[in-house]
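Okay, so here's the structure we're looking at.
The values are calculated or read from the model by the stated rules, or taken from the named source; none is laboratory data. All of these numbers come straight from a predicted model, not from anything done at the bench. Cβ placement follows ideal geometry from the backbone for every residue including glycine, while neighbour counts extend to all protein chains displayed.
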Amino acid sequence: MITHLSGNITELNPTNIVIDCNGIGYYLNISLNTFSKIDKDKKSAYTILTYLHVREDAHTLYGFCDQEERKIFLMLLSVSGIGASTAMMILSSLSSNEIRMAILKEDIVTLKSIKGIGMKSAQRIIIDLKDKINDLKLSQTDLVVNNDNIIRNEALSALETLGFSVKDINKVLDNILSENSEASVEQLIKMSLKRL
C-alpha cells in the first residue's frame, strides 16, 4: 500500500492535488483541512500521508495533513453506510479534534450539520466509533511538511513501528527537538528510546 508521497505539488485545488514524485504525477483527493495547511507559495518538498482506496471499479488515492486525520478517515470508513466521499466531506467540514469531540460528547446536531449525514448516520458514527476514538490522541503536529519536519516524521514512524504510542512519542520528540533542533533521524530515535 502507498503510505505517503514526497515531491512537488504541481496542482493545488481545495479538494485535490497533484504531487510530482520523480516525474510521476499522483492525483490525491484531499479535505479542506489539508488544503488549508498547504503553503500556497511554497509547493516543493512536501510529504503527504496517503491511503489507497480500492474498489472493483476504481483505485483512488486520498491525501492527509497528519496521521490523526488519516486515522479518523479509516475509522469513518469502518462505519456502515459511510463511504470515502462522505468521510472526506466530514473531514472537510470539521477538524480532527472537532470530529473527536462530537463523537465523545454524542453531539448528533454537529454531525447532522454535515452535508450527507442524517440522524441515522450520525447515531451510527457515534455508536461505532465512541470507544475507538477515545483512544486516539490528537496532536497538533502537521505532516504536510517541508524538509525541516521530514526527520521528525521518520523518527515518529520508526518509533510507532516499534510499538510505542503516538501520544508518548510526540511528547518525547517535542522535548528532544526543543533541546536539539538539528538532531538527525538516528539521533532522534536513539534519544527517544532512552526516554520512552
- Does V79 satisfy the criteria of being exposed (fewer than 15 other Cβ atoms within 10 Å of the Cβ) and among the hydrophobic types (A, V, I, L, M, F, W, C)? no
- Which of the residues belonging to the stretch 175-192 are in contact (Cβ under 8 Å) with a residue 12 or more places away in the chain, surrounded by fewer than 14 Cβ atoms within 10 Å (Cβ to Cβ) and part of a helix (DSSP H, G or I)? N175
- Among (1) modelled with pLDDT of 80 or more; (2) farther than 24 Å from D39 by Cα, where does L177 come up short? (2)
- Task: Filter the stretch 16-51 for residues that are modelled with pLDDT under 90 and closer than 17 Å to I150 by Cβ and give the result.
- Result: K37, I38, D39, K42, K43, S44, A45, Y46
- Pairs only if they're at least six apart or on different chains, beta carbon under 8 angstrom, first in the stretch 110-129 and not assigned by TED's automatic domain parsing to the domain that holds I90, second crowded, with 19+ Cβ neighbours inside 10 Å and of a type in the set (A, V, I, L, M, F, W, C); list them, first residue then second. none
- Out of (1) crowded, with 19+ Cβ neighbours inside 10 Å; (2) assigned by TED's automatic domain parsing to the domain that holds R124, what's the single condition that is false for Y51? (2)
- Query: Taking S44, is it surrounded by 13 or more Cβ atoms within 10 Å (Cβ to Cβ) and among the hydroxyl-bearing types (S, T, Y)?
  - Reply: no
- Do we have any residue at all in the stretch 134-153 that's assigned to a helix (DSSP H, G or I), over 24 Å from A45 (Cα atoms) and modelled with pLDDT under 85? yes
- Residue list for the stretch 1-31, filter: surrounded by 15 or more Cβ atoms within 10 Å (Cβ to Cβ), of a type outside the set (S, T, N, Q) and not in a strand (DSSP E or B): I30
